[in-house]
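To start, the structure itself, in structure tokens.
The values are calculated or read from the model by the stated rules, or taken from the named source; none is laboratory data. Quick caveat: nothing in here was measured; it's all calculated off a predicted structure. FYI the Cβ positions are ideal-geometry reconstructions off the backbone, even for glycines, and counts take in every protein chain you see.
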Amino acid sequence: MTLLIKGGKLLDPASGTISPGDVLCRDGKIVALGPDAANMAAHEAEVLDATGQIVTPGLIDMHVHLRDPGQEYKEDIISGTRAAAAGGFTTIACMPNTAPVIDHAAMVSFVRERAASSGLVNVLPYGSISKNLAGAELAEIGDMVVAGAAGFSDDGKPVTNGELMRNALRYAKMYGRPVIAHSEDMHLAEDGHMHYGTWSNVLGVRGIPAVAEAGMIARDCMLAELTGGCLHVAHVSTELSLSVISWARSRGVKVSCEVTPHHLTLTDELVSLTGYHTNTKVNPPLRSASDVEAMLAGLCDGSIEVIASDHAPHSLDDKDVEYNFAANGIIGLETTVPVLLTKLVIPGAVDLPTVIRALTLGPARVLGLETKGRLAVGMDADLTLLDLEHRWVIDPAKFQSKSRNTPFAGWEVQGRAAATIVGGRVVQTGGQIRV
Amino acid sequence: MPLSSRDVLSLREMPIADINLILETAESLREILDRPIKKVPTLRGKTVVTFFAEASTRTRTSFELAAKYMSADTVSISTSTSALTKGESLKDTAYTLEAMGGDCLIMRHGVSGSCHFLARLLESPVINAGDGTHEHPTQGLLDMLTIRRHKGTVEGLRVAIVGDVFHSRVARSNMWGLTKAGASVAVAAPATLLPDGLSELGIDAYTSVEDAVQDADVVMVLRLQRERQAKGLLPSLREYARLYCVNARRLALAKPDALLLHPGPMNRGIEISSEVADGAQSVILEQVTNGVAVRMAILYLLLGGAAE
Amino acid sequence: MASQIKALIMDREAIRRALFRIAHEIIERNQGVDELVLVGVRRRGVPLAARLQAIIQEIEGRVVPMGILDITLYRDDLTTRRDQPLVRSTEVPFAIQGRTVVLVDDVLYTGRTVRAALDALMDLGRPQSIQLAVLVDRGHRELPVRADYVGKNVPTSRREIISVRLSEIDDQDAVVIEQSNGHDLEVGA
């Protein structure tokens with residue numbers, strides 16, 4: 001099967017350049033790139049017109065909650081992969097905090113097989129660090145690697161037991177898989193529902209101070225130093241946390257980190273502005289304006305290598321309650337691209353190659369995906385076409401996802417993923433899923 | 001509608017024009033409480049629902065009487081916040097009450113922002129009788145009315161609030177209402193009970209009562225919840241009383257004609273001494289009367305006119 | 001509300017004479033001022049009651065107690081008005097139990113204000129009797145109410161507006177008829 005993407009501008013995240021060119025894909029691989037690629041195409045090739053659009057390696061979201069198995073009313077592998085395709089993502093990595101937990105090989109296989117049968121985007125399951133997410137005993141990391149786990153995390157919960165974290169880092173290092181740390185001091189964060197700061201004091205909501213995150217990051221980085229393990233810090237949200245990571249790197253610690261689109265664009269003031277709307281409730285919470293500035297600076301200077309949405313679907317019943325009782329989480333697969341383009345790229349706060357690198361090469365490197373995240377001959381034909389002109393309004397009622405919990409509802413945005421190509425097959429164009 | 005919003009949720013969000021209108025109306029209505037027949041027919045046929053998910057006798061009774069003096073019918077529901085999470089949700093309870101013909105919902109709830117949540121869902125007005133540690137707007141208003149009746153105006157006064165400011169919705173409502181009306185506000189509490197960032201909000205924060213009440217025109221004492229000590233925020237009630245109790249010696253540092261307020265109920269001997277609570281400067285009982293007047297005024301302004 | 005003055009019904013002198021006569025009638029009818037109290041209905045009934053009080057004091061040498069009544073809370077039209085009236089205070093700092101209350105208002109029209117004032121008075125106590133003094137009676141009663149003392153009877157059409165101006169509140173003493181263009185027919189007194 002041959003696909004020619006014609007007339008677009010190719011964005012290579014490795015070099016950061018954007019230049020006109022075509023892409024020829026055959027049998028799931030990129031076989032030619034650049035101005036001459038069209039010449040190599042046979043006349044029966046399917047042609048996708050990319051005029052006026054930017055062609056990037058397929059976007060990778062390495063932090064997604066699919067809720068399947070166990071909470072399929074919020075999302076399942078089918079709807080989640082549809083949401084990914086609609087949002088321009090060709091590969092997603094999903095967290096193991098399902099019911100039952102993905103803590104052994106059979107569950108890893110289940111997710112992979114289910115995703116493969118839906119035939120849309122690549123799904124890489126993470127395995128949990130501890131059995132049943134109980135934070136006590138190491139899960140069967142080795143067996144899960146054999147079954148295809150991309151990394152390990154107890155995300156949703158921190159690994160409070162330092163000895164367990166130490167062992168997890170040592171063990172996962174054997175297989176070259178990253179341990180993804182949800183770093184949170186549960187006592188400091190206890191009963192907290194938003195960021196500890198002026199706004200939490202004004203609104204009378206118990207706050208979670210930055211140190212609840214940064215303190216644990218420090219511990220996790222030191223354990224990474226001790227064990228030589230591969231540590232990736234999930235959803236960094238504070239300036240304090242970035243400082244800790246920077247300090248750890250200055251000591252030679254190998255640690256990568258990711259930030260969510262909402263931590264790059266929204267502040268804790270939104271809780272007041274929306275009158276305590278629970279679509280602002282997320283863990284880590286929306287932080288202060290200076291934290292958001294620090295996240296943007298970290299993205300620009302490369303200290304944050306990855307943008308990951310932490311797509312966290314919740315049903316209306318989970319969210320439409322009093323603020324303290326509402327579940328934490330914001331969906332992101334279908335809002336990441338338009339929000340980042342509208343708030344970061346178009347106003348010139350962060351250039352497009354930097355944003356795209358954080359959504360392609362960055363996560364590919366962390367996860368050791370050698371054939372993804374890059375625009376080069378021989379890479380997997382996972383591609384995303386971006387239309388930077390299209391103006392529209394984010395309407396959750398039109399989402400592929402089963403859930404609607406986004407603070408970006410109603411936003412007027414500019415830019416979207418005009419097409420999603422996975423393994424040389426077009427799975428989405430113009431918002432329509434092609435199965 | 002005379003008020004700019006259909007609901008009364010917070011003083012931080014209430015324009016000063018609304019605050020003044022409520023206080024002026026309350027002044028006019030207050031006289032009804034001195035009559036032998038405490039009844040005016042204004043809200044006849046209206047039903048006011050009080051929904052208290054946190055125990056309170058005084059505020060609930062005050063609202064109920066305010067409604068009854070205006071000839072409205074009242075329905076009172078008490079529940080616990082845990083019953084709400086286990087049983088029928090708050091959302092469904094509120095919808096049900098509105099569907100039964102309730103014209104207005106007065107709610108006290110343990111979670112900050114819960115009144116905002118309901119106000120978004122309901123057609124009828126929602127009055128916040130205290131939400132978590134966020135605000136208690138009617139208390140702030142009755143405190144302001146009490147001060148106004150004695151001092152003529154709130155503007156230019158120095159008000160000292162003593163007590164657990166961190167957890168106090170009364171303190172918050174008063175801080176916003178008083179500063180909006182032109183008073184300068186000082187607070188005093190042990191450091192563990194004082195929120196950060198108050199100076200950025202224009203409030204002078206002290207850890208010494210003596211410093212805060214110096215030359216104050218008004219001293220407002222907050223109730224100390226005994227649970228604070230259980231949670232490790234205070235070493236003991238004894239120490240709190242020794243260092244923070246507003247007694248005659250400390251009150252004497254304020255102006256000689258300074259007013260003494262307390263939202264009640266009082267822990268005599270802990271945050272306030274009986275001597276000053278019952279003394280000449282105390283207006284604590286007037287606060288209670290003014291509270292009914294303020295609530296009558298709010299009900300009149302929200303329900304007295306034509307349906308929107 | 002657009003309106004123009006169509007006619008001047010009473011000027012300063014006419015108002016003065018009318019009040020003078022009403023004061024005498026009150027004294028005559030009640031055979032003195034024992035047990036008499038005056039209650040002015042907000043807004044313009046108040047200065048009228050005060051003037052009557054002053055005249056009676058000139059004549060009888062005694063000060064008749066005077067109170068102020070705000071009838072906003074007793075109106076029967078609260079739920080139909082577009083704008084909600086501001087509540088002002090009622091100040092009747094004396095007992096009305098067993099006494100003769102002379103209610104004083106500027107214009108008697110539909111009678112609804114007087115009905116509200118009667119309800120309000122009853123909530124303050126049980127008078128021996130209530131009498132009504134108005135500066136102008138413009139007819140068009142909708143309730144069975146009549147005035148005991150009238151300054152002037154002025155037949156009007158419903159489209160007309162009677163405006164009583166008193167120097168305590170307005171800048172002159174006059175009673176004028178204004179022609180409304182029909183948009184906002186004032187709900188009657």
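In summary, B:Tyr244 fulfils each of the numbered conditions (1) surrounded by fewer than 19 Cβ atoms within 10 Å (Cβ to Cβ); (2) touching a residue at least 24 places away in the same chain (Cβ under 8 Å) with the single exception of condition (1). Residue pairs, Cβ under 6 Å, 6 or more apart or interchain, first in the range C:1-21 and closer than 18 Å to C:Glu160 by Cα, second at pLDDT 90 or above and in a loop (DSSP other than H, G, I, E, B). List them. Between residues of the range C:1-21 that are closer than 18 Å to C:Glu160 by Cα and residues that are at pLDDT 90 or above and in a loop (DSSP other than H, G, I, E, B), the close pairs are C:Ile9/C:Val154.
So that you can scan it fast, the table gives a plain yes or no per residue for (1) surrounded by fewer than 17 Cβ atoms within 10 Å (Cβ to Cβ); (2) touching a helix residue (DSSP H, G or I) at 6+ places or on another chain (Cβ under 6 Å):
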site: B:Glu200; (1), (2): yes, no
site: B:Thr207; (1), (2): yes, yes
site: B:Val218; (1), (2): no, yes
site: B:Tyr240; (1), (2): no, no
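Counting only strands (runs of 3 or more DSSP E) that sit wholly inside the range B:55-156, those with at least 1 residues that are hydroxyl-bearing (Ser, Thr, Tyr) and away from chain A (no Cβ under 14 Å) are B:73-78. Scanning the range A:1-42 for residues that are in a strand (DSSP E or B) and of a type in the set (D, E, K, R) yields A:Lys6, A:Lys9, A:Asp12, A:Asp22, A:Arg26, A:Lys29.
Of the residues B:Lys91, B:Lys38, only one is among the basic types (Lys, Arg), buried (at least 16 other Cβ atoms within 10 Å of the Cβ) and out of contact with any Ser or Thr (no Cβ under 7 Å at 6 or more places or on another chain); which?
Values: B:Lys38 fails: buried (at least 16 other Cβ atoms within 10 Å of the Cβ).
Criteria check complete, one pass: B:Lys91.
Taken over the range A:271-290, the criterion of being in contact (Cβ under 8 Å) with a residue 40 or more places away in the chain, among the small types (Gly, Ala, Ser) and farther than 13 Å from A:Thr238 by Cβ is satisfied by A:Ser272 alone. Exactly one residue out of C:Val92, C:Val87, C:Val63, C:Val46 is of a type in the set (A, V, I, L, M, F, W, C) and closer than 16 Å to C:Met122 by Cα, and it is C:Val92. Within 11 Å of another protein chain (Cβ to nearest Cβ), in contact (Cβ under 8 Å) with a residue 40 or more places away in the chain and more than 18 Å from the chain's Cα centre (by Cα) - does that describe any residue in the range C:68-88? Taking every residue of the range C:68-88 in turn, at least one turns out to be within 11 Å of another protein chain (Cβ to nearest Cβ), in contact (Cβ under 8 Å) with a residue 40 or more places away in the chain and more than 18 Å from the chain's Cα centre (by Cα). Within the range B:228-236, at least one residue is polar (S, T, N, Q) and more than 25 Å from B:Ala181 (Cα to Cα). Against the numbered list (1) at pLDDT 95 or above; (2) touching a helix residue (DSSP H, G or I) at 6+ places or on another chain (Cβ under 9 Å); (3) not hydrophobic (A, V, I, L, M, F, W, C), C:Arg99 comes up short only at (2).
Consider the range C:114-160 and keep the residues that are assigned to a helix (DSSP H, G or I), touching a strand residue (DSSP E or B) at 6+ places or on another chain (Cβ under 7 Å) and within 14 Å of chain B (Cβ to nearest Cβ). The one that is nearest to C:Gly45 (Cα to Cα) is C:Ala117.
Looking at this structure, is B:Val159 modelled with pLDDT of 95 or more, in a loop (DSSP other than H, G, I, E, B) and more than 14 Å from chain A (Cβ to nearest Cβ)?
It is false that B:Val159 is modelled with pLDDT of 95 or more, in a loop (DSSP other than H, G, I, E, B) and more than 14 Å from chain A (Cβ to nearest Cβ).
Here A:Val236 meets each of (1) within 14 Å of chain B (Cβ to nearest Cβ); (2) in contact with a strand residue (DSSP E or B) (Cβ under 6 Å, 6 or more places away or on another chain) with one exception, condition (1).
One line per residue, one yes/no per condition, for (1) surrounded by 14 or more Cβ atoms within 10 Å (Cβ to Cβ); (2) at pLDDT below 95; (3) not in a loop (DSSP other than H, G, I, E, B):
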{"site": "C:Lys6", "(1), (2), (3)": "no, yes, yes"}
{"site": "C:Phe20", "(1), (2), (3)": "yes, no, yes"}
{"site": "C:Gly32", "(1), (2), (3)": "no, yes, no"}
{"site": "C:Val37", "(1), (2), (3)": "yes, no, yes"}
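Exactly one residue out of A:Arg67, A:Arg82 is within 18 Å of A:Gly423 (Cα to Cα) and outside any strand (DSSP E or B), and it is A:Arg82. The single condition among (1) modelled with pLDDT under 95; (2) touching an Asp or Glu at 6+ places or on another chain (Cβ under 7 Å); (3) within 14 Å of chain A (Cβ to nearest Cβ) that B:Arg169 does not meet is (1). Considering only the range A:357-370, state which residues are part of a loop (DSSP other than H, G, I, E, B) and touching a residue at least 24 places away in the same chain (Cβ under 8 Å). Scanning the range A:357-370 gives A:Thr360, A:Leu367, A:Gly368, A:Leu369.
Can you tell me which residue within the range B:287-308, out of those that are surrounded by fewer than 22 Cβ atoms within 10 Å (Cβ to Cβ) and more than 14 Å from chain C (Cβ to nearest Cβ), is farthest from the chain's Cα centre (by Cα)? It comes out as B:Thr289.
Of all residues in the range B:9-18, those that are in contact (Cβ under 8 Å) with a residue 60 or more places away in the chain and either surrounded by fewer than 21 Cβ atoms within 10 Å (Cβ to Cβ) or within 12 Å of chain C (Cβ to nearest Cβ) (or both) total 2.
In the range C:139-165, the residue that is farthest from C:Glu25 (Cα to Cα) out of those that are among the hydrophobic types (A, V, I, L, M, F, W, C) and in contact with a helix residue (DSSP H, G or I) (Cβ under 7 Å, 6 or more places away or on another chain) is C:Leu143. Criterion first (of a type in the set (Lys, Arg) and under 19 Å from A:Asn328 (Cβ atoms)) does A:Arg67 satisfy it? It is true that A:Arg67 is of a type in the set (Lys, Arg) and under 19 Å from A:Asn328 (Cβ atoms). Sub-8 Å Cβ pairs linking a first residue in the range B:34-46 that is facing another protein chain (nearest Cβ under 7 Å) to a second residue that is aromatic (Phe, Trp, Tyr), at least 6 apart or interchain, are B:Lys39/B:Tyr69; B:Val40/B:Tyr69; B:Val40/C:Tyr74; B:Pro41/C:Tyr74; B:Thr42/B:Tyr300; B:Thr42/C:Tyr74, ordered by first then second residue. If you check C:Ala116 against the conditions, is it closer than 30 Å to B:Leu21 by Cβ, surrounded by fewer than 23 Cβ atoms within 10 Å (Cβ to Cβ) and hydrophobic (A, V, I, L, M, F, W, C)? In short, yes. When the range B:127-156 is filtered for residues that are crowded, with 23+ Cβ neighbours inside 10 Å, of a type in the set (Gly, Ala, Ser) and under 16 Å from B:Val185 (Cβ atoms), only B:Gly140 remains. Among the listed residues C:Pro93, C:Pro65, which satisfies the condition of being more than 28 Å from C:Arg158 (Cα to Cα) and either away from chain B (no Cβ under 14 Å) or surrounded by 20 or more Cβ atoms within 10 Å (Cβ to Cβ) (or both)? Unique residue meeting the criteria: C:Pro65. Being within 14 Å of chain B (Cβ to nearest Cβ), touching a residue at least 12 places away in the same chain (Cβ under 8 Å) and either among the acidic types (Asp, Glu) or under 28 Å from A:Ala84 (Cβ atoms) (or both) is a property that A:His263 lacks. The residue that is farthest from A:Ala32 (Cα to Cα), among those in the range A:380-394 that are under 19 Å from the mean Cα position of the chain (by Cα) and in a strand (DSSP E or B), is A:Leu386.
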